[in-house]
Amino acid sequence: MVYEEICRDDVNDALSGNNLTYISYGETASDKLNVLIGDYQASADNITKRGLFFRMFEALNEKIIAIKSR
């Protein structure tokens, strides 16, 4: 899974103050946007249809909440 292999560690880097940029490059109609955004109407329970951005936002939010609750 792309998120697990690439983006999971980037969440911690972002919280450490590093800037992140993701570039989606490829042929027309090759699902670039689908990888980044996913199915924007997918339910919160259906994680397999959410794209990288929504998964990263969720992970960032969970980590921020955990930090604030300490």
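The values are calculated or read from the model by the stated rules, or taken from the named source; none is laboratory data. Computed from a predicted model, the values in this text were never measured in an experiment. In case anyone asks, the SASA skips ligands and DNA or RNA and just uses the protein heavy atoms, side chains included. Shrake-Rupley method; radii C 1.70, N 1.55, O 1.52, S 1.80 Å.
For residue 16, the accessible surface of its heavy atoms amounts to roughly 90 Å² (probe 1.4 Å, protein chains only, rounded to the nearest 10).
Here's the list of lysines a cross-link from residue 49 could span, going by alpha-carbon distance under 16 Å and ignoring same-chain residues fewer than 8 apart: 32.
Checking the a/c ratio against 1.5 first, then a/b against b/c, what shape does the Cα gyration tensor give for the chain? Taking the square roots of the gyration eigenvalues as a ≥ b ≥ c, the chain is oblate.
Helix 52-68 and the longest principal axis of the Cα set of the chain meet at an angle near 0°.
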